[in-house]
Every structure is written in structure tokens, then in C-alpha cells.
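The structure appears right after this line, and notes come after that.
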Amino acid sequence: MELASDKPHGEHGAPARGYTASEAARLLEISVGEIHSWVRSDVVAPGRGPRNEYRFSFQDLVVLRAARSLASELPARRVKRALRRLRAQLPHGRGLAGVRLAVEGEEIVVRDGQVAWEPESGQAVLDFGAPRLVPGVAVLPARGAAASPGGRTEIDAESWFDLGCELESENTGQARDAYRRALELDPEHFDARINLGRLLHESGEFSAAEANYRLALRTRPGDATASFNLGVALEDQRRPAEALQAYEQAIATDPRYADAHYNLSQLYERLGRPTEALRHLQTYRALIEDHGV
């Protein structure tokens, strides 16, 4: 049983309709929370599906992949700022996926045909050597924290959340601390709540994870991802009846949530209810086969 991040699963891998956040996360091998962080920073502007969920195009995936690659070398906040400026600098109709970004020294350089410039300053650059090209597009260190009148640096909840996403691949303990700081500043920060619950869950702290999923559901009642993750936490605590209710809530919100149907089929089978188990297994297979997964 796989935990989900901060958005529900949707239709699987249908390029014509776009990729869901969960599908994009799996393809790019990053967390859903990190993807939503790039969206909030206007690095990509995905479309919307029939249930108002994000739908990412192939071009969006190219941009996200490149942004993540740049963020592995430079501070993500600077990257986000630079890409926002670059979007404004490109001609109408040109997207970030249509240019190449390179790291030259400490600077990001955009290359579009024979033209090259620094998006942060807007200045043209001369080609004195081969830069380190980043696949697709690139990213820079972003906006700095605001300074308070007393001279202290103040970081808002969103910045703590972004930091948590960046830390997940390096230090999960520090990532949890960053999510907790975000929640101290904004107790209703849904994405931070889900991601904190997921990290606690993955470390075996099932009761603490359950508490965070339930708090997330107070913020967004019936949310499919929160309900699904709650179901997994309850199963891990050997509370099958409550887990059933959580999974049923997930598919009530998102009937095409394939993972919830699969978990329901397995749980009903263990409970000796083969009719319900077969129904959900058939639904799961239909959802998967419908998209060639």
C-alpha cells in the first residue's frame, strides 16, 4: 500500500488529457508536494481536469524536470524567482520548455537559438565557452526571506513548506521539522499537514500520522488523498472497519482513485466479503487497463 502526497490520483497516464500530479510525481521521481510548490511559484501553469484537479502537459513535465535538476545545484527559491522572470521575458506564445538553460559560474543563462541572456538581470551574454547545460529548462535560487523591522529574518509558512519539500530527499528529520514550523505559522496548511503525516507514517509513527491526516480532513473535508492516507494508517494499526470507511470516502470524492479501489479489494478479501472485493478489483483493473498501465 503506497501513501499518497497532497493530491488524489486521477486518470492514469493519458497524454491527451494530461498527467495528474501523482502521475507527474512518479514520472519525475519527486514528491507531489514539491510539484505543487513549483506550481504555486508560477514555474508551470497546468490545466484543470473534470474535477478541477491539476493536469500537466508533457511540456510541463519537461519544465519541472529541468527545474528540479537546477534546484539540485542552486537554491530552489532563487530558481523559482528566475523562472518567473524568464516567463515574463519570453515572447507571447513561447513557453519555458522551448528554451535551454545553462549554469555558467554562479549564473543561469538562457539560450534561445543564437541569443543568450541572464534572466535575473536581463543582460545579454557572450558565448566564451561551453556551459553546463541542464536538461530541458533550468532553475535558480529564489526570493529571500523578508527582514523584520528589528533586523530578524522572518520566514512564512509557505517558505517552510518549500524547504520541507527540498529536504525530503536529503534529511527526512529536518523535512518533518520544516513542515512542523509551517504548521505552527499556519495550522490549516493542507499540503504541509499531508506531507508531515506521510513522513511520520513512513517512519512507523502510525498514530501520529493518523492525527495529521484527520487534521487535514478538517481543513478539506472528504479530500481523497487525506482519506486514502488515513485508510492506510488505520490498516497499519489493524483497524479494518475504520480503514474501509476512509477508503470509501476517498472513492466517493474521486471514483477513479485506482489505489483506493485496490486497497478496498484487498481489505474486503481479508474480511471474507468476496463480492465487494471482486467489485473493487474489477474497477481497479478497468481504470488501469483504460490507460494502458
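The values are calculated or read from the model by the stated rules, or taken from the named source; none is laboratory data. Here the structure is a predicted model, which means the values were calculated and not measured. Quick reminder, even Gly has a Cβ in these numbers, built from the backbone with ideal geometry, and neighbours come from all protein chains shown. Quick note on the areas: whole protein, heavy atoms, side chains included, nothing else; ligands and nucleic acids left out. Shrake-Rupley method; radii C 1.70, N 1.55, O 1.52, S 1.80 Å.
Structure values in brief
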| item | result |
| --- | --- |
| Any hit, the range 145-168, residues being at pLDDT 70 or above, assigned to a strand (DSSP E or B) and either among the basic types (Lys, Arg) or surrounded by fewer than 19 Cβ atoms within 10 Å (Cβ to Cβ) (or both) | no |
| Residue check for residue 171: of a type in the set (S, T, N, Q), closer than 30 Å to residue 75 by Cα, crowded, with 22+ Cβ neighbours inside 10 Å and out of contact with any Ser or Thr (no Cβ under 8 Å at 6 or more places or on another chain) | no |
| Matching residues in the range 42-53 - criterion: being open to solvent by 10 Å² or more (accessible area, probe 1.4 Å) and either within 24 Å of residue 196 (Cα to Cα) or in contact with a helix residue (DSSP H, G or I) (Cβ under 6 Å, 6 or more places away or on another chain) (or both) | 42, 46, 53 |
| Any hit, the range 184-203, residues being small (Gly, Ala, Ser), more than 19 Å from residue 38 (Cα to Cα) and surrounded by 15 or more Cβ atoms within 10 Å (Cβ to Cβ) | yes |
| Subset of the range 229-249 that is open to solvent by 10 Å² or more (accessible area, probe 1.4 Å), assigned to a helix (DSSP H, G or I) and of a type in the set (S, T, N, Q) - its residue that is farthest from residue 205 (Cα to Cα) | 249 |
| Residue among 94, 65 that is in a helix (DSSP H, G or I) and of a type in the set (Lys, Arg) | 65 |
| Of all residues making up the range 267-293, the number that are surrounded by fewer than 16 Cβ atoms within 10 Å (Cβ to Cβ) and either over 22 Å from the mean Cα position of the chain (by Cα) or without any contact (Cβ under 8 Å) to a residue 24 or more places away in the chain (or both) | 16 |
